[in-house]
Every structure is written in structure tokens, then in C-alpha cells.
Amino acid sequence: MDADTELRLAIYRHIAANAVAPSVTQMSRALGRSAAEIRAAYQRLYARRVLVLQDDGESIRMAPPFSGVETQHRVRVGDKEYFANCAWDALGVPAALHAAGQVSSRCEQSLEPLSIRVGRDGPEPVPCVIHFAVPAAHWWDDIVYT
Amino acid sequence: MSFFRSEDMVDQWCAARGRPRRPLVSLEQLWRLALAWYENRLSPEARRPGPDEMRRIFAGIGLHGPFWDPQADRFG
């Protein structure tokens, strides 16, 4: 396994276990690599569209489907609550964790709360639709907006 | 991409922002997208689907046309 894959797995496993994104310092200690090496690897993972970083260049904004910051899409799995980046990623959290979950989000227009139970075989029916505002070719033009 | 309670809510949201109405996806379709993108995300072999694979995934759940083409240039 190459070093960037090892880092990617460590990031995702940290988020799965803790429901928060790890810091550069935490990854440096966990993998025995310098902070500079971790920062450089973050940039490579960003270039490969694995991570999205915050403006400081080292805090994780997105490790899809997980969000490194609070969002309107909360997903409870077991005793942990994760934040997801969008509607797609809200279902992506239970899919990635191979576990049942409870999505708590909202209707983007009415702001009415929207709750979706997601079993191992998928979500229970809920009256809702998902609107994709951005064409696939432009998703990464501004992935935070997408 | 966002959740809406109904198509009417989508129309209101688009009208309020002067944005075009884009495709709607059902919860079941979204689940299949979630599995395709993220089911193996925590494994060493995980990777994002390439353009051809994306087209196959979208077509396989009934999402057709240039909107879903990751290399299309007909949408601004």
C-alpha cells in the first residue's frame, strides 16, 4: 500500500471512529510522518479529489461522504453523529459504514425538518425528491456549493 | 444537491433564485448512487468512478442525457 493510500485510510478510519476529521498533527503522530509530509499528501489527495481542504490548506472540509464541518445534514449511526456534505452524502454515510443510520436534514425550500431512516438495504420511503442543481461536468468547479 | 419535500418546493426554490429547474432524483435512486460512490470508501481499493463508469452508473438507474455526462460541455 502506498503512503497516500495509507493516509487516506487513516483519515477515513479516524472519522468513522470519532465522527470528526483528524488534524494534521493527529495524522502525523498516527503514521509517524512529519507534519510537512502530511500536508503535502493532503494536497495530493485534494488534487485527486479525495479530500477538500479548508482555506488554511490543512483542515479537512470534506472527506466525502463525511463533512469536516457542521452542515444541515446529520447522520446518526449507532452512538455517533456524523455530518454529511449534501443529500447524496447523507445516504453515503450509512453506505460507507455498512450500517443502518438516521438522516436528519431539511427541505431546502420550506426548511421543514426531514428525517429518513436508512436500513442496511436502503432508506425507508419518505415523501421527498432530490434536486441536482449542478450538471455532473461542473460538480468540481465549486464542490462545496455542489 | 438538496432534499425537497415535493416538486412544488423545488419549483419555488428555483424561481426564488432565478435558477433553472434541473433533474430530480428519487430517494431510491439516491441510495443507489450512495452505494456506487461510497460502499467501498473505507477500503484500500476505493477510488472515484471514472467518466465512463459514471455514465454507466447513471444510465443504470435511469439518469440519462448530457446533464449526467461528466465530460459534457452543453451545460453552463
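The values are calculated or read from the model by the stated rules, or taken from the named source; none is laboratory data. In this text the structure is predicted, and so the values were computed from the model without any measurement. Just the protein is used for accessible areas: all its heavy atoms, side chains included, with ligands, DNA and RNA removed. Shrake-Rupley method; radii C 1.70, N 1.55, O 1.52, S 1.80 Å.
Roughly how much accessible area, to the nearest 100 Å², goes out of reach of solvent when A and B pair up, both sides summed, probe 1.4 Å? Please list the in-between numbers first.
Details: alone 8850 and 6370 Å², together 10590 Å².
Interface between A and B: roughly 4600 Å².
At a cut-off of 50 Å², which residues of the stretch B:1-15 become less accessible once all protein chains are present than in their chain alone, using a 1.4 Å probe?
Buried by the other chains: B:Met1, B:Ser2, B:Phe3, B:Phe4, B:Arg5, B:Trp13.
Checking the a/c ratio against 1.5 first, then a/b against b/c, what shape does the Cα gyration tensor give for the stretch A:57-124? Walk me through the intermediate numbers first.
On the way: a/c = 2.02, a/b = 1.15, b/c = 1.76.
Verdict is oblate for the stretch A:57-124.
So what is the relative contact order for chain A, in percent, with contacts set as C-alpha pairs under 8 Å and at least six apart?
Working: 206 pairs, mean separation 18.9, N = 146.
Averaging sequence separation for qualifying contacts and normalising by length gives 13 percent for chain A.
On the protein heavy atoms, probe 1.4 angstrom, tell me the percent of accessible surface of chain A carried by carbon and sulfur.
Whole-percent figure for carbon plus sulfur exposure: 47.
Report, in degrees rounded to the nearest 10, the 0 to 90 angle that the Cα long axis of helix A:35-47 makes with the longest principal axis of chain A.
With both axes taken from Cα atoms, the answer is about 50 degrees.
Using Cα pairs closer than 8 Å and at least 6 residues apart in sequence, work out the relative contact order for chain B, in percent.
Details: 28 pairs, mean separation 13.7, N = 76.
Worked out over chain B, it gives 18 percent.
In square angstrom, what is the accessible area per residue of the stretch A:73-123 with a 1.4 angstrom probe?
Details: 2070 Å² over 51 residues.
Per-residue accessible area for the stretch A:73-123 comes out at 41 Å².
Per DSSP H run of n ≥ 4, the term is -39500 (n - 2.57); total these for chain A, divide by its residue number, and report the mean residue ellipticity at 222 nm rounded to 500 deg cm²/dmol. Display every interim value, and only then the final one.
On the way: 4 runs with 48 residues, N = 146.
-10000 deg cm²/dmol, from helical runs alone.
For chain B, with all protein chains present and a 1.4 Å probe, just round the carbon and sulfur fraction of the accessible area to a whole percent. Kindly include the intermediate steps, with their values, before the conclusion.
Details: 1880 of 4040 Å².
Solvent-exposed carbon and sulfur of chain B make up 47 percent of the total.
Once you have the Cα-Cα distance between A:Arg29 and A:Met1, take 0.36 nm times their residue separation minus that, and quote the gain in nm to one decimal. Don't skip to the end; give the middle numbers.
On the way: separation 28, 0.36 × 28 = 10.08 nm, distance 1.88 nm.
The A:Arg29-A:Met1 span can extend by a further 8.2 nm.
With a ≥ b ≥ c taken as the square roots of the eigenvalues of the C-alpha gyration tensor of the stretch B:25-76, please select rounded if a/c is under 1.5 and otherwise prolate if a/b is larger than b/c or oblate if it is not?
Values: a/c = 2.56, a/b = 1.42, b/c = 1.80.
Oblate is the answer for the stretch B:25-76, as a/c is 1.5 or above yet b/c matches or exceeds a/b.
Taking chain A as a Gaussian network, where each spring joins two C-alpha atoms under 10 Å apart, which residue of A:Ile15, A:Ile38, A:Ile130 fluctuates the most?
Residue with maximal mean-square fluctuation among A:Ile15, A:Ile38, A:Ile130: A:Ile130.
Which of rounded, prolate, oblate describes the stretch A:15-55, given a ≥ b ≥ c as roots of the alpha-carbon gyration tensor eigenvalues and a/c under 1.5 marking rounded, otherwise prolate only if a/b is larger than b/c?
Values: a/c = 1.93, a/b = 1.08, b/c = 1.79.
Oblate is the answer for the stretch A:15-55, as a/c is 1.5 or above yet b/c matches or exceeds a/b.
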